[in-house]
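Asks: One structure, as structure tokens, below. Some questions next.
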Amino acid sequence: HQALVWVRRDLRADDHAALHHALRAARRVHVAFVFDSTLLEPLRAAGIRADRRVEFIRDSLVDLDAQLRALGLSHGVEGCGLTVLHGDPVERIPALARALDVQAVYAAHDDEPLALARDARVRGALADAGIALHTMKDHVVFERAEVMTAAGTPYGVFTPYKNAWLRKIDPFFLRAWPVARHAAALAPRPTALPQALTGLAPGAEAVPALEAIGFERSNLHTLRLPTGSRGADELLDEFLDRIDAYGEARDFPAIKGPSYLSTHLRFGTLSIRRCAREAWQRAQAGSRGAEVWLSELIWRDFYHQVLHHHPRVAAHAFRPEYDTIAWEHGAAADRLFAAWAEGRTGYPLVDAAMLQLLQTGYMHNRLRMVSASFLTKDLGIDWRRGEAWFARHLNDFDLAANNGGWQWAASSGCDAQPYFRIFNPVSQSLKFDAQGRFIRRYLPQLAALNDRLIHAPWQASPLELQAAGITLGQDYPRPVVEHDQARERTLQRYAVVKSRA
Ligand code: FAD
């Protein structure tokens, strides 16, 4: 019995559900990844050559390939590693499974609507060849309908969901899926697969260079985001040393408060069970920071189950009445959207946040909330446009979490911010970046303003601006909207929700 493990969002070789199950069931196990041309071609068609995520995946595959080789060698099997393909997985995976003569393909669940549709087609094509597709949970602690209310309905409010999650959790659900002890079943990587099968020009390296799939290097390696599960281990170890302070430190973008693990959790270079186990054990031992961090990991599960039970949220408000809101559109709205996207709103905290996103692909959670609120409630622009911008630029882009975050900020989601709670971008700035350290990092042209004016440069007198060497409208924009007026307009815009609710 031979099997193929198809890795997607689980780019690691330890605590790996699909690999564990395949190694236990089969005598020989191959491991493959497909650079999905149906996702990459649209990027190329849009003129994008450098994409941090494509590079993150590619470099993480190099790490995974090395780990598989080492695992095989530890059992005396030479030449193990990853088979990398480029093309449409709906064709490539069944073709590879046939070429390798396997009886089953193993993969982890991916519950995004497009991924489910893809997997259904792969399942059909495999079935035609008499090959089974076994899929299983790996990406979250509790998935789909595992945590439900006593009435058997999905939770729509976070706190009761979290309490039910915490009641259910025990070491059984957090145990690792061991790989090393069964690794003798790993098969050597097939050599000389035809180009028609791999979609790649034949080369000596197991993992193709970025250029081979039509991409170039980005600035990924200048960022503090080491790739692969080795990179994830480094970040996790470093974070666990300061997890006790997470509760206090996490809200201030200028300091190292959060874990910066989201991209690793997105691509599965780190196991969610391991993170949750580390947090849960420390929380049990009394660490308040670990308790708060565990709660964030539960938000992650929460949004995944929302997407599972309500796939329509991918395009619609969770609460249907919010789909009747009349958002701004037309040329003026397009100009405001561009100002927001490019960090030119004249509100320094929002602009610094948007520049952080463009320059690094990361944005601090507090700033995601502030900038999403600004787009929807100060500029009156549809949350879906912001969601798409984040999806394009976030290294950690995840449909469930991004959609949940946007619908929270737009008040249209389940358990969202009430619509009449509107972040004031200046108060948020004064509260969470009091000394303007984060703002100065991304907007050096404002650096000479004092700690009061840096949050609202338009409040500076001509003399103060001159002393700081700033000409408003030239070195830095004037505010594109006036917050108090925008707030009034938003309350009117959202009134339609009240009348329909
Ligand atoms: P930490 O604070 O260290 O949190 C640990 C982990 O918990 C994160 O890595 C993440 O996996 C999970 N997590 C934390 N907060 C949330 C949350 N609110 N919802 C779901 N999971 C959470 N997170 C993404 O992973 N991908 C996204 O595309 C995404 N888009 C967002 C969009 C908006 C508008 C908002 C408000 C939030 C979004 N988030 C998203 C959630 C959160 O901002 C990021 O997970 C977090 O900033 C990542 O940094 P970290 O790993 O240092 O987080």
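Asks: Dividing the convex hull volume of the Cα atoms of segment 320-500 by its residue count, what figure in Å³ per residue is obtained?
Replies: Spread over its residues, the Cα hull of segment 320-500 gives 108 Å³ apiece.
Asks: Restricting to the chain, what percent of DSSP beta bridges are antiparallel, rounded to 5?
Replies: Percentage antiparallel, nearest 5: 10.
Asks: Can you show me the helix-derived [θ] at 222 nm for the chain, built from DSSP H runs with n ≥ 4 at -39,500 (n - 2.57) apiece and divided by the number of residues, rounded to the nearest 500.
Replies: About -14500 deg cm²/dmol.
Asks: Would you tally the net charge around Glu55, using a Cβ to Cβ cut-off of less than 12 Å, leaving Glu55 out, and scoring K and R as +1, D and E as -1?
Replies: After counting each charged neighbour, the total is +1.
Asks: Restricting to DSSP loop positions (anything but H, G, I, E, B) with no more than 13 other Cβ atoms inside 10 Å of their own Cβ, which GluC sites (Glu not before Pro) remain in segment 173-254?
Replies: Values: sites: Glu205, Glu211, Glu216, Glu234, Glu238, Glu248; in loops: Glu205.
Sparse-neighbourhood loop GluC sites (Glu not before Pro): Glu205.
Asks: Can you list the trypsin sites (Lys or Arg not before Pro) in segment 154-202 that are in a DSSP coil and have 12 or fewer other beta carbons within 10 angstrom? Could you put the intermediate results ahead of the total?
Replies: On the way: sites: Lys162, Arg167, Lys168, Arg175, Arg181; in loops: Arg175.
Answer by residue number: Arg175.
Asks: I'd like the trypsin sites (Lys or Arg not before Pro) in segment 398-501 restricted to DSSP loop residues with at most 11 other Cβ atoms within 10 Å, sorted by number.
Replies: When the trypsin sites (Lys or Arg not before Pro) of segment 398-501 are filtered for loop state and at most 11 Cβ neighbours within 10 Å, Arg421 remain.
Asks: Can you check what the net charge comes to around Ala353, using other residues whose Cβ is under 14 Å from the Cβ of Ala353 (Lys, Arg +1; Asp, Glu -1)?
Replies: It works out to a net charge of +1.
Asks: Given the pairs Lys256/Lys431; Lys168/Lys377; Lys137/Lys377; Lys431/Lys498, which are separated by over 28 angstrom at their Cα positions?
Replies: Over 28 Å Cα-Cα: Lys168/Lys377; Lys137/Lys377; Lys431/Lys498.
Asks: Express the relative contact order of segment 1-138 as a whole percentage, based on alpha carbon pairs under 8 Å and six or more residues apart in sequence.
Replies: Numbers: 201 pairs, mean separation 45.5, N = 138.
Reported as a whole number, the value is 33 percent.
Asks: What whole-number distance in Å separates the alpha-carbon centres of segment 349-369 and segment 225-282?
Replies: Segment 349-369 and segment 225-282 have Cα centres spaced 19 Å from each other.
Asks: With each pseudo-label sitting 7 Å past Cα toward Cβ, what's the Ala46-Ala338 distance in nm, one decimal?
Replies: For the pair Ala46/Ala338, the computed spacing is 1.7 nm.
Asks: Take each complete run of DSSP H in the chain, measure how far its Cα atoms stretch along the helix's own axis, and keep only those covering 24 Å or more with mean Kyte-Doolittle hydropathy at least -1.0; list them.
Replies: The answer, listed by residue number, is 52-74, 288-309.
Asks: Mind checking Rg over Rh on segment 154-241, alpha carbons, Kirkwood formula for Rh?
Replies: A ratio of 1.12.
Asks: Which whole-angstrom value gives the distance between the alpha carbon centres of segment 62-92 and segment 104-142?
Replies: If we compute the Cα centre of each part, the gap is 20 Å.
Asks: Where does each of 277-286, 477-486 land if you order them by average Cβ count within 10 Å, highest first?
Replies: My ranking of the peptides, most packed first, is 277-286, 477-486.
Asks: Take the Cα pairs of the chain, get the Kirkwood Rh, then feed it into Stokes-Einstein at 4 °C and 1.567 mPa s and tell me D in µm²/s. List each step's numbers first, then the result.
Replies: Values: Rh = 24.4 Å.
Answer, rounded: 53 µm²/s.
Asks: Specify, per residue and in Å³, the volume enclosed by the convex hull of the alpha carbon atoms belonging to segment 1-138.
Replies: 107 Å³
Asks: Moving to a separate point now. Would you please give the residues with an amide H less than 5 Å from that of Leu4, counting only those at least 5 places away or on a separate chain, with H modeled from the backbone geometry?
Replies: Placed amide hydrogens put His30, Ala104, Val105, Tyr106 under 5 Å from Leu4.
Only the coordinates and a few stated rules stand behind these numbers; no lab work does. Please read all numbers here as calculations on a predicted model, not as lab measurements. When we count neighbours, we look across all protein chains shown, and the Cβ atoms used for this are built from the backbone with ideal geometry, even at glycine.
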